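The values are calculated or read from the model by the stated rules, or taken from the named source; none is laboratory data. Note that this is a predicted model, so its numbers are computed, not measured. All Cβ positions, even for glycine, are placed from backbone atoms using ideal geometry, and neighbour counts span all protein chains on display.
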Amino acid sequence: MKANLDVLPLDSWVNTGGKPLIIAGPCSAETEEQVLETARGIAKNGFAHILRAGVWKPRTRPGSFEGKGEEALPWLQKAKAETGLKTAVEVATPQHVELALKYGVDVLWIGARTTVNPFNVQDLADSLKGVDIPVLIKNPVNPDLALWLGAFERIAGAGINKMGAIHRGFSNAQETKYRNSPMWQIAVEFKTFFPQIPMIGDPSHMAGKRAYLAELTQRAMDLNYDGLIIESHRNPDEAWSDASQQLTPDALAEMLKSIEFRNATYGSDFQSELDRLRERLDNLDRELLEVLASRMSVVEQLGEYKRDNNVAVLQLNRWKQVHESRADWAKSLNLYPEVVEELFKLIHMESIRKQTEVMNQQNA
Ligand code: PEP
Ligand code: MN
């Protein structure tokens, strides 16, 4: 793995006065008025450095609003001329890159649905050869660190040296409270490969809902992220995309005031060690439960055997033997015997319940 990409520090292309970089703006550019009014609200509050707006929207299902395209680019130019905010748009094809450059967009970002595809990323890289513009790369939708790293290598290979990573979370296999699981440890691991690449948190796409923005923003700041990209809309409930996760510029300013911005030196090492240990615990707990599930399936087979041979569920001799042997094993593993005894009482109780259920299945 090439770990020494040539990347310039954040302050070489945006002046944040040492504070975290804040990128704010609507999920999508919808109308000229919506872009201008939102940009004015953001500029008035003075917290942001860059105005974001999606112009080409990669929607999961066709039929949703797919962006205004080229028509919206002059609106961003106007917003920049009026407010002084730099502008950023998502690019997914070489044609997007060409148009964004034609209309003077300052920063490009590659979306999560593009980072997953090395062919697309390479096409973008080829279209960026010889261009000097900052490129931010969102994590891929699936939790695959190598794809994310690879996208940086491809874009850096085109000669781009102003880059940043956007951590927007990963698709969930199961229902969780967040739209996309943060899986913070992946971003932490990213930093071990490319410590020089600034990390920008995207609490909007992690959260999916306004209510979770503050806690995710705080977490990103606790992990010492270099910046944030947050969706803001003049009238969030009426937004044409991602309505439930956007905030008005005023509400966003309020939310940012509630965040504790830690000292720059606090956090990342401490927090990453904590994350590593917690991740190991998560894995071990999962294995414990998997072992418990296998045990229950053997218990079920035992129940069937007893039922078919008309043997009673509970046999005291056997229980006594289980009880003693487990206590001995606990001692040899340096585990507290009383705790292990309690644990096996519970496990045994559940085994009896299961076997009784199996018995009754035939009797029913
Ligand atoms: C967006 O930023 O509006 C967007 C489409 O995000 P993502 O690529 O993270 O889904
Ligand atoms: Mn969005």
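Got a sec? Which of Asp126, Asp144 is closer than 30 Å to Trp75 by Cα and charged (D, E, K, R)? One residue alone meets the criteria, Asp126. Scanning the stretch 36-54 for residues that are within 16 Å of ligand 1 (Cβ to nearest atom) and touching a Lys or Arg at 6+ places or on another chain (Cβ under 6 Å) turns up Thr38, Ile50.
Give the stretch 73-85 a look and list any residue that's assigned to a helix (DSSP H, G or I) and within 28 Å of the chain's Cα centre (by Cα), or say none.
Restricting attention to the stretch 73-85, the residues satisfying the condition of being assigned to a helix (DSSP H, G or I) are 73-83.
The answer is Leu76, and nothing else.
Among the conditions (1) among the β-branched types (Val, Ile, Thr); (2) surrounded by 22 or more Cβ atoms within 10 Å (Cβ to Cβ); (3) more than 30 Å from Ala243 (Cα to Cα), Thr192 misses just one, which is (2).
Let's see how each residue does on (1) crowded, with 23+ Cβ neighbours inside 10 Å; (2) more than 25 Å from the chain's Cα centre (by Cα); (3) not aromatic (Phe, Trp, Tyr):
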site	(1), (2), (3)
Thr87	yes, no, yes
Ala92	no, no, yes
Leu101	no, yes, yes
Thr114	yes, no, yes
Ile137	yes, no, yes
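Select, from Trp109, Trp184, the only residue that is of a type in the set (Phe, Trp, Tyr) and at pLDDT below 95. One residue alone meets the criteria, Trp184. Condition first: aliphatic (A, V, I, L, M), in contact (Cβ under 8 Å) with a residue 60 or more places away in the chain and within 15 Å of ligand 2 (Cβ to nearest atom). Now tell me which residues in the stretch 215-249 satisfy that. Answer for the stretch 215-249, where residues must be aliphatic (A, V, I, L, M), in contact (Cβ under 8 Å) with a residue 60 or more places away in the chain and within 15 Å of ligand 2 (Cβ to nearest atom): Leu228, Ile229, Ile230, Ala239. Within the stretch 273-296, the set of residues being within 17 Å of Arg353 (Cβ to Cβ), surrounded by 11 or more Cβ atoms within 10 Å (Cβ to Cβ) and of a type outside the set (D, E, K, R) comprises Leu292, Met296.
Restricting the stretch 43-65 to residues that are more than 16 Å from Gln95 (Cα to Cα) and within 14 Å of ligand 2 (Cβ to nearest atom) leaves a set whose member that is surrounded by the fewest Cβ atoms within 10 Å (Cβ to Cβ) is Thr60.
I'd like the full set of residues that are assigned to a helix (DSSP H, G or I), within 15 Å of ligand 1 (Cβ to nearest atom) and more than 20 Å from Ile229 (Cβ to Cβ), limited to the stretch 105-144. Before you say what the answer is, go through the steps one by one.
Of all residues in the stretch 105-144, those assigned to a helix (DSSP H, G or I) come to 112-115, 118-128.
Going one step further and asking which of them are within 15 Å of ligand 1 (Cβ to nearest atom), we end up with 112-115, 120-121, 124.
Within the stretch 105-144, just Asn120 meets the criteria.
Just checking: which of the helices (runs of 4 or more DSSP H) contained wholly in the stretch 145-259 hold 2 or more residues that are away from ligand 1 (no atom under 15 Å from the Cβ) and of a type outside the set (Asp, Glu)? Ranges flagged: 145-157, 184-193, 213-222, 249-257. The listed residues are Lys68, Lys102, Lys78, Lys86, and the only one of them that is away from ligand 1 (no atom under 13 Å from the Cβ) and within 19 Å of Ile166 (Cα to Cα) turns out to be Lys86.
Tell me yes or no: at least one residue of the stretch 200-214 is of a type in the set (A, V, I, L, M, F, W, C), out of contact with any Pro (no Cβ under 9 Å at 6 or more places or on another chain), closer than 16 Å to Ala112 by Cα and within 16 Å of ligand 2 (Cβ to nearest atom). Lay out the reasoning, then the answer.
Start the filter on the stretch 200-214 by keeping residues that are of a type in the set (A, V, I, L, M, F, W, C), which leaves 200, 206-207, 211, 213-214.
Narrowing further to those that are out of contact with any Pro (no Cβ under 9 Å at 6 or more places or on another chain): 207, 211.
When the remaining residues are screened for being closer than 16 Å to Ala112 by Cα, the result is 207.
Then keep just the ones that are within 16 Å of ligand 2 (Cβ to nearest atom); that gives 207.
Yes, the stretch 200-214 has at least one match.
Out of everything in the stretch 156-192 that is of a type outside the set (Gly, Ala, Ser) and under 13 Å from Asp144 (Cβ atoms), what residue ends up being nearest to ligand 2 (Cβ to nearest atom)? Among residues in the stretch 156-192 that are of a type outside the set (Gly, Ala, Ser) and under 13 Å from Asp144 (Cβ atoms), the one nearest to ligand 2 (Cβ to nearest atom) is Phe170.
Going through (1) basic (Lys, Arg); (2) in a loop (DSSP other than H, G, I, E, B); (3) farther than 26 Å from Phe190 by Cα one by one, Lys19 falls short only on (3).
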